[in-house]
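Data first, discussion second: the structure below is written as structure tokens.
The values are calculated or read from the model by the stated rules, or taken from the named source; none is laboratory data. Since this is a predicted model, take the numbers as computed values, not measurements. Cβ sites come from the backbone with ideal geometry, for glycine too, and all protein chains shown count toward neighbours. SASA here: full protein model, heavy atoms, side chains in, ligands and nucleic acids out. Shrake-Rupley method; radii C 1.70, N 1.55, O 1.52, S 1.80 Å.
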Amino acid sequence: MKNEFTQAQLLDRVNTVRVTEGNPRVREISARIIGDLFRAIDDLDIQPDEFWAGVDWLSRLGAVGQFGLITAGLGFDRLLDIRLDEADRRAGRTGGTQRAIEGPLYIAGAPLGKAETRLDEGNPGEEGEPFVMEGRVLDADGQPVAGAIVDVWHANTLGRYSHFDPDQKAYALRRRIETDADGTYRFRSFLPPGYAIPPSGPVAELFAALGRHGNRPAHVHFLVTAPGLRTLTTQVNIPGDTFIDDDFAFATRDGLVLELDKNVPAAGYASLGIDKPFVRSRFDFVLQKAADDSEASPQARMARAVG
Ligand code: BEZ
Ligand code: FE
């Protein structure tokens, strides 16, 4: 009876069999997740057809590149941020702009401007409300950070992101701004709308089965980096959106909802092509001191994780 197993024996075998040491951390995580899944199958009496339908769903999810939507939609992206916030609190690392999720729609290498830029340049047909966001990058002592890079990206007026949307030019609505000697940055764009998950495909199927919507409120993403300072991944929300407290990615932070100044006179904004009253928001990014080189890594989440 060497090869006849109970469920418990099979689990033990799956989690202990090996011919080399492998990677102990990977073995630890794998054993835990496999154990939890074995238990879920047993506790919930998951039937073979249900199991294989789930495998088919995962295969299709990978094939269409939608894993990043599901990690956010099932709360994992926010969970990782909550855990980092808790670790910071325990370590007494307070202060600085709140972090928020990166989301799966970042692309590295956006065009770089000095002190100011237009995100909306080269986007004919974009008719959103002109919007300028400006402020400074500061360190935890309130000192301006010269030469910081503010990498900013948002959706077009249809709620779609360039690179993932074949109808937009490369790097549309994506720019990097290097701060001036006094830490300032500013950019012109338009107030973006919210985002919605693709209407068909594996994510839409799951959300329909869960009875959930797949909407995000209007937001703008940032990755702010500077040597020696802790990389900040964050997003700001545009106030007034129906979904602001009901983001499918659970990513709104109460401290990151912008205040908008309406009807700001155009004087001083000609270099951004502004010639009539417009909407402005002032927002400073405050970066903590990095505890080590890895915290100051200028890379986004996936590049950081897998090199
Ligand atoms: C977004 O930032 O637009 C986004 C975040 C998570 C999932 C999908 C989209
Ligand atoms: Fe987004």
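A few remarks follow.
- 17 Å tail of the calculated P(r), segment 34-85, as % of Cα pairs: 56 percent
- Computed over neighbours whose Cβ is under 13 Å from that of residue 11, the net charge equals 0, Lys and Arg +1, Asp and Glu -1.
- Going by accessible surface with a 1.4 Å probe and the largest first, 106, 269 read 106, 269.
- Electrostatic bookkeeping for residue 261 treats Lys and Arg as +1 and Asp and Glu as -1; over the other residues with beta carbon under 14 Å from its beta carbon, the sum is +1.
- Calculated SAXS-style log₁₀ I(q)/I(0) at q = 0.08, 0.12, 0.17 Å⁻¹ - segment 70-306, Debye, Cα scatterers: -0.29, -0.67, -1.38
- Springs join every pair of Cα atoms under 10 Å in this Gaussian network model of the chain, and among 282, 90, 212 the largest mean-square fluctuation is at 90.
- At a probe radius of 1.4 angstrom, the accessible area of segment 1-151 per residue rounds to 64 square angstrom.
- Charge context of residue 241, other residues only, Cβ under 12 angstrom, K/R +1, D/E -1: -2
- Alpha-carbon Debye profile of segment 141-187, log10 I(q)/I(0) at 0.16, 0.22, 0.28 Å⁻¹: -0.54, -0.73, -0.94
- Most mobile listed residue (46, 70, 101) in the chain, GNM with C-alpha springs under 10 Å: 46
- Annotation: amide H-H contacts under 5 Å for residue 257 (H modelled 1.01 Å from N, sequence separation of 5 or more, or interchain): 237.
- Segment 96-151: C-alpha gyration tensor shape, a/c 1.5 cut-off, then a/b vs b/c: prolate
- Sorting 21-33, 194-206, 229-241 by their mean Cβ neighbour count within 10 Å, with the most densely packed peptide first, gives 229-241, 194-206, 21-33.
- Most mobile listed residue (254, 49, 77) in the chain, GNM with C-alpha springs under 10 Å: 49
- Here r is the Cβ-Cβ distance between residue 304 and residue 21 and R0 is 41 Å; the resulting FRET efficiency, rounded to 0.05, is 0.95.
- With the convex hull of the Cα atoms taken as the outline of segment 1-46, the averaged projected area works out to 3.8 nm².
- Screening the chain for whole DSSP H helices with an alpha carbon extent of at least 18 angstrom along the helix axis and a mean Kyte-Doolittle hydropathy of at least -0.5 yields 24-43, 48-63.
- Remark: relative contact order (the chain) = 20 percent; criterion is Cα-Cα distance under 8 angstrom and separation of 6 or more residues.
- Whether segment 235-275 is rounded, prolate or oblate, judged on the alpha carbon gyration tensor where a/c under 1.5 counts as rounded: prolate
- Counting heavy atoms of the protein chains alone, residue 276 has an accessible area of about 130 Å² for a 1.4 Å probe.
- The accessible surface of the chain, taken with every protein chain in place and a 1.4 Å probe, is 55 percent carbon and sulfur.
- In Å², nearest 10: area of residue 43 left accessible to a 1.4 Å probe: 120 Å²
- For segment 141-147, the Karplus equation 6.51 cos²θ - 1.76 cosθ + 1.60, evaluated at θ = phi - 60°, returns couplings of 8, x, 7, x, 10, 7, x Hz by residue, with Gly and Pro reported as x.
- Evaluated on segment 29-167, the Kirkwood hydrodynamic radius is 19.8 Å, with distances taken between all distinct Cα atoms.
- Model label sites at residue 112 and residue 213, defined 7 Å from Cα along the beta-carbon direction, differ in position by 4.1 nm.
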